[in-house]
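Remarks on the structure that follows.
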Amino acid sequence: QVQVVQSGAVVKKPGASVKVSCKASGYTFTSYGITWVRQAPGQGLEWMGWISAYSGNTNYAQNLQGRVAMTIDTSTTTAYLDLKSLRSDDTAVYYCARDSCTSTSCYLDYWGQGTLVTVSS
Amino acid sequence: QSALTQPASVSGSPGQSITISCTGTSSDVGSYNLVSWYQHHPGNAPKVIIYEATKRPSGVSNRFSGSKSGNTASLTISGLLAEDEADYYCCSYAPTNTRVFGGGTKLTVL
């Protein structure tokens, strides 16, 4: 069965960097992409970006350009989210999800359990 | 890319039907039938309940239905149950292979 498991909660200081992992199993990893979504306290879901597990191509949300990087390790079927120069408003639950998007269909069908990243001095 | 527009909250009594709208632009919702809807119970991961604007994934109750007209997509939940109380988000494919979420709608079952 498909499973998506994320790394645990972390606390970081402002200006630091964070790396969140997302281990996928139960399907052909390179046949899908991974999308990252975050939810700040009391706020809605925010699309952060997408990475192809096949090619490593990425698309990032405009407001995160320059601070975010998404990578893939196909040998361990794991996706990674790196976010640098952390600010207090980066405090959020970060989710990864299997991205089943083609030219005719697009949805996020399997989600990780979420990783709480707290940015605090 | 601006967030899609959803009502902040809707409510209904058990057994009733409610509809949540999701308004985008001709660049996202209006250009693609690639609208999906997610149910999110706080503390849990979101769950897809509608994709391609009108389709239900296997295992999702047929009480959930979706539609789209022009730049607006809609989610209808019929026969409301207490367990439907959750946050609901629409999401659209957008140009250059990006995605955009709606601001979310809190459903209260009275």
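Every read-out reported here was derived from the displayed coordinates using simple, explicitly stated rules and does not represent laboratory data. Just so you know, these numbers come straight off a predicted model, no measurement behind them. Here the Cβ is made from the backbone with ideal geometry for all residues, glycine too, and neighbour counts use every protein chain on show.
Confirm whether A:V5 is within 14 Å of chain B (Cβ to nearest Cβ) and either touching a Cys at 6+ places or on another chain (Cβ under 7 Å) or of a type outside the set (D, E) (or both). Outline the logic, then answer.
On the way: within 14 Å of chain B (Cβ to nearest Cβ): yes; either touching a Cys at 6+ places or on another chain (Cβ under 7 Å) or of a type outside the set (D, E) (or both): yes.
Yes; evaluated as a whole, the condition is true for this residue.
Please specify each residue of the range A:64-121 satisfying the condition of being within 27 Å of B:I50 (Cα to Cα), within 12 Å of chain B (Cβ to nearest Cβ) and aliphatic (A, V, I, L, M).
A:V93, A:A97, A:L108, A:L116
A:T104 - would you say it is free of Cβ contacts under 8 Å to residues at least 60 places away in the same chain and in contact with a strand residue (DSSP E or B) (Cβ under 8 Å, 6 or more places away or on another chain)?
Criteria not met by A:T104.
Looking at A:W47 and the list (1) in contact (Cβ under 8 Å) with a residue 40 or more places away in the chain; (2) under 11 Å from the mean Cα position of the chain (by Cα), which single condition is not satisfied?
Failing condition for A:W47: (1).
Mind listing whichever residues of the range B:21-47 are among the hydrophobic types (A, V, I, L, M, F, W, C) and surrounded by 22 or more Cβ atoms within 10 Å (Cβ to Cβ)?
Passing the criteria: B:C22, B:V29, B:L34, B:V35, B:W37.
Taking the options A:A16, A:A53, A:A61, name whichever one is surrounded by 13 or more Cβ atoms within 10 Å (Cβ to Cβ), within 15 Å of the chain's Cα centre (by Cα), more than 12 Å from chain B (Cβ to nearest Cβ) and of a type in the set (A, V, I, L, M).
A:A53
Run down B:S78, B:S69 and say which single residue is of a type outside the set (K, R) and more than 21 Å from B:G15 (Cα to Cα).
B:S69
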